Amino acid sequence: MKYAKRYIAVMLTINLLSLNARAARVESVPPAPSTAPNITENTPMLQPGKWDSFNKKRLEAMLAKARQAPPHTYYAVFDFDNTTAFLDIEEAALIYQLEHLLFSMSPEELREVILKDIPLTDFASAYNNKNGDPVNIIKVSEDIIESYRWLHDNYPDLTQQERLVEIRRTPHYQNFITKMRYLYAAIGGTFRHEVSYPWVTYLFKNMTPGQVADLTQKTIAWQRSTPVESVLWESPAALPGKAGVVSVTWHNGFRLVPEMQDLYQALQKAGVDVYVISASNLEVIKSIVTRPPYSVPETQVFAMRLLHTSDGKLTAGLDPDYPQTQGKGKTETIRKFIQNKYAGKGPLLVAGDSEGDQNMMSDFPDTEVVLIINRLRPADSVIGQLSKRAVEEYKQKDAKILLQGRNDNTGEFIAAQIHYPLGKKIGQKVK
């Protein structure tokens, strides 16, 4: 028995030494060269959505490249209105603000705001009144203030939303909201963007950032329930005033675009820092893109930045330390506040839809991808030329310019480069 025990002990020792030797050999064998492709199952991939298939493939190749670099090596810049979203959130918020009379100004303050920096010349002929007579800021502002003052005198607390049903029956309510929306359209259609873009943000004067954020979220919820359609307002014949009877048309149906939400997330998962540069009000844009699913840090959001009072309320003045975030101002914003954080490199990706974005799309030679949401911009504009180039270079492996189609009848992307204007069943790629 003693010899048997010794035999067993010796055999156990030999087996243990053998196992250890095999383990050592396994650990010392170098790993076999990887045969996996660059895009692995862990690489951020875009959801199928309604992307043009080539655009999706090109964006995914860009994401795969970004993933190979350390986080925060690259950054992407997005416009918001008609790029990140369908339609313009500032315009949608203006309608909600008008319909609910969400203003924190006295009639005298409103007069000062709506006259601010607006030339006294007549508006473009497209904004003549119903009789064909020209209109200008003096004429229409008198009518607006007259109706606003009447509303203030008869309904001193405009925040009592339960009285809106009664207020909306009055001609002065219809006159006020119509001529205010008309004035926004006339300013934008007559004067330079440097005049028109800031103007609408001034209407938040005396509101807190929280009030603007609340108004924005209510606007999004309301617009989600409305059809995508064209809406016409005409001021009441009973109150022609100085400007006469005027009308204005705009589009309802603001939507957040799921494909863009997915792209924001995929970029961040790939280690790319995402920035938003918008010509809308800063508080409006922050209230959307700093929340999931976008989750953009507040310090990476740039838009029309109003000065604040000592108690935190918004004023009718832009912060002079920040460029106007439209046109050349978008490029200036990148160069002043962003580019130096990335060793002087331009954005990896720029996404936009209009002339207000064309500078940042074309001013950085090292930008790898420019994503244009197709809205059939004029052929003689920079973005029109970039769109044409996207059509010509379509499906080339390293194409820089991508043109993404959209159907304005549904507010959705389509899997092509084509744009369908509202009310049209036939679309086109470029003008």
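For the reader, a short list of remarks on this structure follows.
- Per residue, the average separation of C-alpha pairs within less than 8 Å and at least 6 apart gives the stretch 82-191 a relative contact order of 29 percent.
- The angle between the Cα long axis of helix 382-392 and the main principal axis of the chain comes to about 40°, on a 0 to 90 degree scale.
- With 29 Å as the limit on Cα-Cα distance, the pairs of K395/K431; K397/K424; K269/K425; K313/K341 that go past it are K397/K424; K269/K425; K313/K341.
- Along the stretch 47-55 the Karplus relation, 6.51 cos²θ - 1.76 cosθ + 1.60 evaluated at θ = phi - 60°, assigns HN-Hα couplings of 5, x, x, 10, 5, 4, 4, 5, 4 Hz to successive residues, with x for each Gly and Pro.
- Under-5 Å amide H pairs with V296, H placed in peptide plane, nonlocal only: T290, R291
- Taking a straight line from the alpha carbon of K286, these aspartates and glutamates sit under 14 Å away, with near neighbours fewer than eight places off in the same chain left out: D79, D81, E90, D214, E298.
- Environment charge of I167, counting only residues whose C-beta is closer than 12 Å and scoring Lys/Arg +1, Asp/Glu -1: -1
- The value given for the chain is a Kirkwood hydrodynamic radius of 24.4 Å, derived from the mean inverse Cα-Cα separation.
- Relative contact order for the chain, counting Cα pairs under 8 Å that sit 6 or more residues apart, in percent: 19
- Amide H contacts under 5 Å for D319, placed H, 5+ residues apart: R305, L306, L307
- Listed residues Q265, Q385, Q396, most fluctuating in the chain (Gaussian network, C-alpha, under 10 Å): Q396
- Treating each Cα of the stretch 78-174 as an identical point scatterer and summing with the Debye formula, the log10 of I(q)/I(0) at q = 0.12, 0.13, 0.23 Å⁻¹ comes to -0.53, -0.62, -1.20.
- Trypsin sites (Lys or Arg not before Pro) restricted to the stretch 214-294 and DSSP loop, no more than 12 other C-beta within 10 Å: none
- Per-residue 3J(HN,Hα) values for the stretch 239-253, derived from phi via the Karplus relation 6.51 cos²θ - 1.76 cosθ + 1.60 with θ = phi - 60°, read 10, x, x, 6, 7, x, 7, 10, 9, 8, 10, 8, 9, 9, x Hz in sequence order (x marks Gly and Pro).
- Folded to 0 to 90 degrees: helix 258-269 orientation relative to the chain principal axis, Cα: 50
- Value of relative contact order over the stretch 218-336, rounded to a whole percent, pairs C-alpha under 8 Å and six or more apart: 17
- Pairs of Lys residues in the stretch 89-252 that lie 8 or more places apart, or on two chains, and have C-alpha atoms under 13 angstrom apart add up to 6.
- Reported to the nearest whole Å, the Cα centre-to-centre distance from the stretch 153-208 to the stretch 351-421 is 34.
- Separation of the stretch 244-259 and the stretch 107-132, taken as the distance between their Cα centroids, equals 20 angstrom.
- Size of the stretch 89-252 as Cα extents on the principal axes (Å, biggest first): 38, 33, 31
- Here the Karplus relation 6.51 cos²θ - 1.76 cosθ + 1.60, evaluated at θ = phi - 60°, turns the backbone of the stretch 322-334 into coupling constants of 10, x, 4, 8, 8, x, 4, x, 5, 5, 4, 4, 4 Hz, with x for every Gly and Pro.
Rule-based calculations on the coordinates, nothing more; no lab input. What you are looking at is a predicted structure, and each value in this text was computed from that prediction instead of being measured. So basically every Cβ, Gly included, is an ideal-geometry build from the backbone, and we count neighbours across all protein chains shown.
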